[in-house]
Structure formats: structure tokens, C-alpha cells
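Read through the structure below, which is laid out as C-alpha cells, and then see the notes.
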Amino acid sequence: MSLLPVYKNSFFASQERLDGMRLEMRYRRGLVYTDMAIGKQFEGYEDVVHGGMLFGVLDVIMWYAIFIETKRICMTRKTDMDFFKPVMCGQTYRAQGKLVRVEERDVWATAWIEDGQKERYAQVSALFREARGLDYARFVSKLDFAGVSAEVKRLFMSVAGADRGE
């Protein structure tokens, strides 16, 4: 697996949103990741990426990691975010994340941002809760599968007929 589909209106990942970050989310060996160089339009202070933007990227990555591993749509419930060093505008970093554990409807994940030497700049751990009463077929219909492999598309499409209402 590699390139992942995106929610068509996603600020972080839609390739159609000119005002967004236009990140390409990928999956390999239990990790969801994106390589990114964030522009000055997302600056919080001179040449430093705003922390809210970084949290948003990591939140999306954790969501993907959870979905791929569990085939559940979950919502962020609680987070613990650490910022170790400033992430600089225009420099290349990798943001990546993974599923940590599942206990009934509660799901834990973690994600981090690192440079090419694997030095960490930020990290988040989060508790997600599985959504109830969500129309999975409607959700899947709002995904853009452009450039996605048949294997990845099958994985996401496999939940479209699932009865998840409670």
C-alpha cells in the first residue's frame, strides 16, 4: 500500500483546495506518513510553522492509521501534544503516526514530526472514540481515490456496506 485517498474537502490533504496544505498521505508497514515542507502562509511566528497547523497534520495522520488498522471511523477525544523544537517554514520534515491500541470503542494512536536525521520536533498521543450512527457509504462517497492503488481502494470501499449504526 502507499498513496491514500483523501476527503475531497480536506484542508490538509485535498489536492483541489488551493488554500489548503495539499499533503499526500501514504501508508507503509503500519505507519501513515507524509513528507512536507510547509509554506509561510501557515506561519505562526517569523519562519516558524504555527503549532495548530502541526497538530492538525498529526491528527489527520492518526485518523488514517486508526482507519487502516481497524476499519473504524473514529473522532479525536483527548490529546497530549509536545513541541520539542520549532518546525521551520519551507524546510522538509516527515510527519508519521501509528495505531497504539484498541479497547472496545476507545482507540489510542500517536504521531510525530521529524527531520531527515530522525530528530523529533513535535509529538502527540491521542485517544479517539469510534463514531456511532455514521453512514459509512456516504463517507466513502466523499473520498477522492485519484492515484490510489486498487488494494487501497478496496480497503476503503470494504466499509461502504458495513452496518455501523447503534
Net charge near residue 36: determine it from the other residues with C-beta under 13 Å of the C-beta of residue 36, scoring Lys and Arg +1 and Asp and Glu -1. -1
Can you find, among 99, 89, 10, the residue sitting farthest towards the positive end of the charge dipole of the chain, where Lys and Arg contribute +1 and Asp and Glu -1 at Cβ? 99
From phi via Karplus (6.51, -1.76, 1.60), per-residue ³J(HN,Hα) for the stretch 100-114 in Hz, x at Gly/Pro: 9, 6, 10, 9, 6, 8, 8, 9, 10, 9, 9, 8, 8, 10, 9
Nonlocal amide H pairs with residue 44, under 5 Å, H built at 1.01 Å: 49, 50
Charges only on Cβ, +1 for Lys and Arg, -1 for Asp and Glu: so what's the dipole of the chain about the Cα centre, in debye to the nearest 20? 500
On average over all directions, what projected area in square nanometres does the chain have, based on the convex hull of its Cα atoms? 9.5
The stretch 6-157 - percent relative contact order, Cα under 8 Å, separation 6 or more: 22
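Bear in mind that the values in this text are calculations on the coordinates, not laboratory data. Only a predicted model underlies this, so the values are computations on that prediction, with no experimental measurement involved. Heads up, the Cβs are rebuilt from the backbone with ideal geometry, glycines too, and the neighbour counts pull from every protein chain shown.
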